[in-house]
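S.K.: Handing you a structure now.
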Amino acid sequence: MLVAVGFRFFPTEEELVSFYLRNQLDGMRRDMHLVIPVLNVYDEEPWDLPKLAGELCKGDTEQWFYFTPTQEKEAHGGRPKRTTASGYWKAAGSPGYVYSSDDQVIGTKRTMVFYKGKAPCGRKTKWKMNEYRAIDPSAAAAPKVNTLNNCIVFQA
């Protein structure tokens, strides 16, 4: 696979939700899995995520993107399991909205921080993740099929 020199995948939040996540939910454009693969990020340790990045983004040292299937428990109103073998992802702050260029709410964004150890005594790490969910006003009652996770590492 050839990638143009200087290529870096750096989409806006609006593009992530309205184009990438919407096309994933609608089952369109399988070619985008070269950039954003389908992966249950909660089954992996955060430091293993960079090597599981999309084919076109393997060289990025700052951020990686993944489509994460909704867990069965979450699809039926339960809380998602966000633990790994060595720690857990904890929500940081309140969820925010993602807006389109015409000022319509098209999704939500939640920031998560990875803690090593068992809750509630875990140690905060440098790993952060933004979880995006699409909002489809025409199908508000339908369960969500996927979320889009943007895993970001901030150097301490």
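The values are calculated or read from the model by the stated rules, or taken from the named source; none is laboratory data. Everything numeric in this text was worked out from a predicted model, so none of it was measured. Cβ coordinates were reconstructed from backbone atoms using ideal geometry, including for glycine residues, and neighbour counts include every protein chain displayed.
S.K.: Within region 114-135, can you find the residues that are assigned to a loop (DSSP other than H, G, I, E, B) and more than 18 Å from the chain's Cα centre (by Cα)? Let's see the steps before the verdict.
M.R.: Taking region 114-135 and keeping what is assigned to a loop (DSSP other than H, G, I, E, B), we get 117-122, 135.
The answer is 117, 118, 119, 120, 121, 122.
S.K.: Step by step: first the residues of region 85-113, then only those that are part of a loop (DSSP other than H, G, I, E, B) and under 17 Å from residue 11 (Cα atoms), then the one that is modelled with the lowest pLDDT. Which residue is that?
M.R.: First pass over region 85-113, keeping only residues part of a loop (DSSP other than H, G, I, E, B): 85-86, 100-104.
Keeping just the survivors that are under 17 Å from residue 11 (Cα atoms) gives 100-101.
On the way: 100: 90, 101: 93.
Among residues in region 85-113 that are part of a loop (DSSP other than H, G, I, E, B) and under 17 Å from residue 11 (Cα atoms), the one modelled with the lowest pLDDT is 100.
S.K.: Are any of the residues in region 14-29 surrounded by 14 or more Cβ atoms within 10 Å (Cβ to Cβ), at pLDDT 90 or above and within 23 Å of residue 135 (Cα to Cα)?
M.R.: The answer is yes, given that some residue of region 14-29 is surrounded by 14 or more Cβ atoms within 10 Å (Cβ to Cβ), at pLDDT 90 or above and within 23 Å of residue 135 (Cα to Cα).
S.K.: Additional query: For region 19-48, how many residues meet the condition of being assigned to a loop (DSSP other than H, G, I, E, B) and either acidic (Asp, Glu) or under 11 Å from the mean Cα position of the chain (by Cα) (or both)? Give the derivation first.
M.R.: From region 19-48, those assigned to a loop (DSSP other than H, G, I, E, B) are 26-29, 35-37, 39-40, 44-45; that's our starting set.
Filter again for either acidic (Asp, Glu) or under 11 Å from the mean Cα position of the chain (by Cα) (or both), leaving 26, 36-37, 39-40, 44-45.
Number of matching residues: 7.
S.K.: Only residues that are farther than 17 Å from residue 45 by Cα, surrounded by fewer than 13 Cβ atoms within 10 Å (Cβ to Cβ) and among the aliphatic types (A, V, I, L, M): list them for region 77-131, please.
M.R.: 92, 105
S.K.: Is at least one residue of region 122-145 β-branched (Val, Ile, Thr) and at pLDDT 85 or above? Break it down stepwise before answering.
M.R.: Of all residues in region 122-145, those β-branched (Val, Ile, Thr) come to 125, 135, 145.
Filter again for at pLDDT 85 or above, leaving 125.
The answer is yes; a qualifying residue exists.
S.K.: Same structure again: Considering only residues that are farther than 13 Å from residue 129 by Cβ and touching a strand residue (DSSP E or B) at 6+ places or on another chain (Cβ under 8 Å), look in region 41-53 and name the one that is surrounded by the fewest Cβ atoms within 10 Å (Cβ to Cβ). Spell out the reasoning first.
M.R.: Filtering region 41-53 for residues farther than 13 Å from residue 129 by Cβ gives 43, 48, 51-53.
Checking which are touching a strand residue (DSSP E or B) at 6+ places or on another chain (Cβ under 8 Å) leaves us with 52-53.
On the way: 52: 14, 53: 21.
Here the residue is 52.
S.K.: I'd like the full set of residues that are in contact with a Lys or Arg (Cβ under 8 Å, 6 or more places away or on another chain), closer than 16 Å to residue 40 by Cβ and modelled with pLDDT under 85, limited to region 51-76.
M.R.: Of everything in region 51-76, those that are in contact with a Lys or Arg (Cβ under 8 Å, 6 or more places away or on another chain), closer than 16 Å to residue 40 by Cβ and modelled with pLDDT under 85 turn out to be 70, 71, 73, 75.
S.K.: Kindly provide the set of residues from region 49-58 that are under 13 Å from residue 34 (Cβ atoms), part of a loop (DSSP other than H, G, I, E, B) and not charged (D, E, K, R), ordered by number. Before the answer, list the steps.
M.R.: Going residue by residue through region 49-58, those that are under 13 Å from residue 34 (Cβ atoms) are 53-58.
Remaining after also requiring part of a loop (DSSP other than H, G, I, E, B): 53-54, 58.
Once the filter is applied, which keeps residues that are under 13 Å from residue 34 (Cβ atoms), part of a loop (DSSP other than H, G, I, E, B) and not charged (D, E, K, R), region 49-58 yields 53, 54.
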